[in-house]
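See structure below.
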Amino acid sequence: MDSSKNKQDGLSVSERIEKNKQSNSSTAFVEKLVPKLLLMCATLSVLVTIGILYTLLSETFTFFSEVSVIEFFTSTHWNPWRDSYGILSLISGTLLITVTAMIIAIPLGVASAIFLSEYASDKVRRFLKPILEVLAGIPTVVYGFFALTFVTPMLEKIIPGLSFFNALSAGIVVGIMIVPMVASLTEDAMGAVPNVLREGAMALGATRLETTIKVVIPAALSGIIASFALAISRAIGETMIVAIAAGATPKFSFDPTQSIQTMTGYIVQVSTGDVSYGSTIYYSIYAVGTTLFVFTLIMNLLAQYISRRFREEY
Amino acid sequence: MALINKDTVSNKMSGRILKNKIAKVIFFIATIIGLLFLGALAYRILTQGLGSLDMDFLTGFTSQSPDRAGIKAGVIGSLWLMSVTAPVTLIIGVATAIYLEEYAKRGRFTRFIQINLQNLAGVPSIVFGLLGLTIFVYIFKTGEIVLAGGLTLGLLVLPVIVVAAQESIRSVPNELREASYGMGATKWQTVRRIVLPAAIPGILTGGILALSRAIGETAPLLLVGAATAIFTLPSGIFDPYTAMPIQIYSWTKAPQPEFEYVASAGIIVLLVILLLLNSIAVFIRNKFSKRL
């Protein structure tokens, strides 16, 4: 069989060996080249991080050569068009949104997770979970529109004196947006608790609620707290909802019924306005962006640290 | 002999069972609130938007007057953006995932890349906008064109694709690889002909979900200079552009109250496209998930 095939090719054995060697050497070349190409692509993600750090820091340095650092971090007046840069009023706005969002997202998220992980039957869970995930997939600009045109008018009926743009409505909607994230991360953490522990508690006569609160949640606590940290980071960095519904009046106050401005909101305001490249206002968005980046990075690292350091191993 | 008083036990027990029942109802209601919110949002947007949603809206440019505003430029612009974002992120993301899963040694460098990706996924999208503005628009002087917007979105969703591709490559059974090596295949031949085809459904699903995130992103595009009002369609990746979420944002901000209806109609178009993309992802996942 083989010899007849060889004749059909019209090649002698030595020629075939030669040919094989050639294709082997090209295979070997590809084998060496491919890992290098792949490594280059993998390194790109590191370059993105370096790029982010470089752009933020270099433009921030330019900004601080024009504005005093001390004023930036201690003054409570933010009016770039009159040369007053005190980021505390933007930070207070961001905090106001974050706290409101967490008041909504943490109880709702944890309660949903408990229901889905401990109480719901398989059928109910398979129905409810995808719907919660849809909430996570809706673009934030849609949430912003909804906050402005639906949630704010509704709140106006309950709270007289609510301003048209306000932190409360934006914060509530940011909170709703984050619920699926808290719920699914918390549920993952609770799902990782071995069933043996639940069965042990129930065998001792604990009800489902007691099992959940005294056994499952303590065992999953590191994952749950880590999900809170990630949720806070998301709320701090949320942009479109606050840019649309929270207003554009930076002020150092903690009154959620008033119009405020967050760090992200300011960056949007500048980038959609008429600001020339190279002006102090242009550089100020990088200083604000750096502050924002540091805040979210701290929360992300905290989340990773908590889930690594305090994980209960079973 | 009666160490256990049955009456006290049953008295306490009924209270504990009641608590458990009440808690269950509370947890259920908390879960439903998200659904109610979703329902309210859908109802509100449909009732407001369907009236303005007609052929003129789909085929018209945006306008000063609410009756004549359309979303054509937004839809086409978003498609152009995806024509840049999709290939760039898929190629780089899948390559990164293959490197991390198949080639890299489990060392410090690999862990560093993993942690780096994890942190990149947590960076607010607007910071990616600042990156795109500086690197593409000012340093490479691309100006405010499709390419700059598409690349920025690509970098933004890169971690999503890498994680999805990694998971899907990891789930390819090792027996397949060993069989391939046993037949004398080299590493790259194994990856290209065995691992990748087996992992492709998961990679595609992740890719589509990442793209649907990119299509809905607004903030980074505002920074890299998507136009809010544009009256010519981009004819290539070097043209100015707008995108669906940008149009919706500009209508939301418009002073005339009638633009609320236009914005709702725009949101319907955006959500329908997202729904289509997600259905494709679910379809791929269901069709191919039973193969291995």
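Observations on the model:
- Taken over the stretch B:92-193, the percentage of Cα pairs per 10 Å bin, counting from 0 up to the bin with the maximum distance, is 14, 34, 28, 17, 7, 1.
- Quarter the surface of the alpha carbon convex hull of the stretch B:6-49 and you get the mean projected area, 3.0 square nanometres.
- Using the Karplus relation 6.51 cos²θ - 1.76 cosθ + 1.60 with θ = phi - 60°, the per-residue 3J(HN,Hα) values for the stretch B:84-98 come to 8, 4, 4, x, 4, 5, 4, 5, 5, x, 5, 4, 4, 5, 4 Hz, with x marking Gly and Pro.
- Exceedance of the 22 Å cut-off in Cα-Cα distance is limited, within the set A:Lys21/B:Lys187; A:Lys214/B:Lys6; B:Lys72/B:Lys253; A:Lys123/B:Lys19; A:Lys214/B:Lys12, to A:Lys214/B:Lys6; A:Lys123/B:Lys19.
- Across every direction, the projection of the convex hull enclosing the Cα atoms of chain A has a mean area of 29.1 nm².
- Estimated 222 nm signal from helices in chain A, with DSSP H stretches of n ≥ 4 weighted -39500 (n - 2.57), rounded to 500: -24500 deg cm²/dmol
- Sorting A:Thr264, A:Thr62 by the number of Cβ atoms found within 10 Å of their own Cβ, with the fewest placed first, yields A:Thr62, A:Thr264.
- Just so you know, the averaged projected area of the alpha carbon convex hull for the stretch B:57-288 sits at 14.4 nm².
- Cross-link partners for B:Lys105 among the aspartates and glutamates, with Cα-Cα distance under 19 Å and sequence neighbours closer than 8 places in the same chain left out: A:Glu31, B:Glu167, B:Glu178.
- Per the Debye formula on identical point scatterers at the alpha carbon atoms of the stretch A:12-66, with no solvent, log10 I(q)/I(0) at q = 0.21 Å⁻¹ is -0.81.
- Working note: Karplus 6.51/-1.76/1.60 with θ = phi - 60° gives the stretch B:54-62 the couplings 9, 4, 4, 5, 6, 10, x, 7, 5 Hz, where Gly and Pro are set to x.
- The stretch A:57-104 - percent relative contact order, Cα under 8 Å, separation 6 or more: 24
- With contacts taken as Cα pairs under 8 Å and at least 6 residues apart, chain B reaches a relative contact order of 27 percent.
- ³J(HN,Hα) computed for each position of the stretch B:27-39 - Karplus, 6.51 cos²θ - 1.76 cosθ + 1.60, integer Hz, glycine/proline x: 4, 5, 4, 4, 5, 6, 4, x, 5, 4, 4, 4, x
- Computed over the protein assembly as shown, the range of Cα coordinates on each principal axis works out to 96, 89, 55 Å, biggest value leading.
- DSSP-loop trypsin sites (Lys or Arg not before Pro) across the stretch B:4-68, with at most 12 other Cβ within 10 angstrom: none
- For the stretch A:153-258: relative contact order, % (alpha-carbon pairs under 8 angstrom, 6 or more apart): 52
- Least to most buried among A:Thr55, A:Thr27 (fewest other Cβ within 10 Å first): A:Thr27, A:Thr55
- Backbone amide hydrogens, once placed in the peptide plane, bring A:Ser84 within less than 5 Å of A:Asn79, excluding anything fewer than 5 places away on its chain.
Read-outs: derived from the displayed coordinates by stated rules, not from any lab. Computed from a predicted model, the values in this text were never measured in an experiment. Cβ sites come from the backbone with ideal geometry, for glycine too, and all protein chains shown count toward neighbours.
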